[in-house]
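Okay, so here's the structure we're looking at.
Just so it is clear, none of the values below were taken in a lab; they were calculated from the coordinates. Everything quoted here is computed from the prediction, not taken from an experiment. Quick reminder, even Gly has a Cβ in these numbers, built from the backbone with ideal geometry, and neighbours come from all protein chains shown.
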């Protein structure tokens with residue numbers, strides 16, 4: 001079997017490159033130990049980062065960590081493409097029978113690949129995702145691990161059928177994603193195409209599985225500017241999604257305020273209930289709450305700005 005690993009390079013720009021280095025170390029070490037034929041495709045937009053920079057970074061990572069690579073490495077410039085379009089283009093360019101879709105800022109655990117391939121071998125017609133949580137090794141990570149849309153860390157190792165997965169860590173047949181690419185979003189909306197895709201696939205009776213043992217970590221927003229922009233963009237995207245054909249909202253503005261209220265309310269519940277799961281001390285609880293309520297304040301601003309000045313909101317916070 002040939003497996004194509006597709007890595008978008010947009011998140012690497014937003015995050016810290018030491019995470020991408022650790023990701024590459026895990027990919028090359030774990031693929032080297034297996035018998036399958038692998039290729040690694042790096043999809044990037046040359047308006048954001050050059051092929052030369054990526055090539056030099058990967059070369060330096062291989063030399064620095066004394067890595068061995070038995071597969072083909074290809075850098076593909078998908079001009080004007082962003083996150084989901086980069087993934088779609090990677091599927092088109094891939095040579096493998098199966099594709100493993102990753103974000104460039106996750107860090108897999110040491111046995112991640114074995115666990116993911118083992119789980120997927122039980123149903124090749126499905127999509128099998130690994131279990132990705134927020135890295136809670138620092139304070140801001142604890143905040144987002146508890147209160148963002150990622151799952152709370154746990155110790156499960158089973159594989160279960162689910163209604164949705166994340167786009168940062170999953171495997172499926174190339175044919176499946178060629179026939180069902182991420183859909184285009186309305187102008188200005190940068191997140192949510194995967195939610196539409198999972199619904200379309202479920203309607204076609206294609207199963208989604210989550211393998212808890214194939215775990216990885218994802219970073220929280222990197223720095224104050226990213227924190228603010230991410231909150232504004234998330235609020236904008238959630239508001240405009242209420243106008244889609246899949247939404248049953250009769251009053252998008254009122255529905256958005258309800259969503260914001262629920263997210264803010266969950267901050268209190270999750271922090272009190274789960275703070276120990278991210279090694280957070282009791283004295284940190286009020287600071288975590290203030291941090292995440294501030295984030296959802298920016299979320300609210302993004303949604304309200306979209307209500308009042310939609311053209312401005314759509315052209316801003318492209319993240």
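Couple of notes before you dig in:
- Inverse of mean 1/r across different Cα pairs in segment 76-195, Kirkwood, Å: 15.9 Å
- Our note on the geometry: Cα centres of segment 82-153 and segment 204-276, 17 Å apart.
- Put in line by how crowded their Cβ is, counting other Cβ atoms within 10 Å and starting with the fewest, 239, 296, 274 read 274, 296, 239.
- Dividing the mean sequence gap of close Cα pairs (under 8 Å, 6+ apart) by how many residues the chain holds gives a relative contact order of 20 percent.
- Comparing 305, 132, 20 in a Gaussian network model of the chain (Cα springs below 10 Å), the most mobile by mean-square fluctuation is 305.
- Computed over segment 186-319, the ratio Rg/Rh where both radii use C-alpha atoms and Rh is Kirkwood: 1.00
- Per residue, the average separation of C-alpha pairs within less than 8 Å and at least 6 apart gives segment 1-61 a relative contact order of 53 percent.
- Translational diffusion of the chain was estimated from the Stokes-Einstein equation, with Rh taken as the Kirkwood radius over Cα pairs; at 4 °C and 1.567 mPa s the coefficient is 63 µm²/s.
- Cα long-axis angle, helix 223-241 against the chain (0 to 90 degrees, to the nearest 10): 80 degrees
- Selected from 255, 98, 167 as most flexible by GNM, with the chain as the system and alpha-carbon contacts under 10 Å: 255
- Between 115, 246, 16, the Gaussian network model of the chain with springs among Cα atoms under 10 angstrom shows the greatest mean-square fluctuation at 246.
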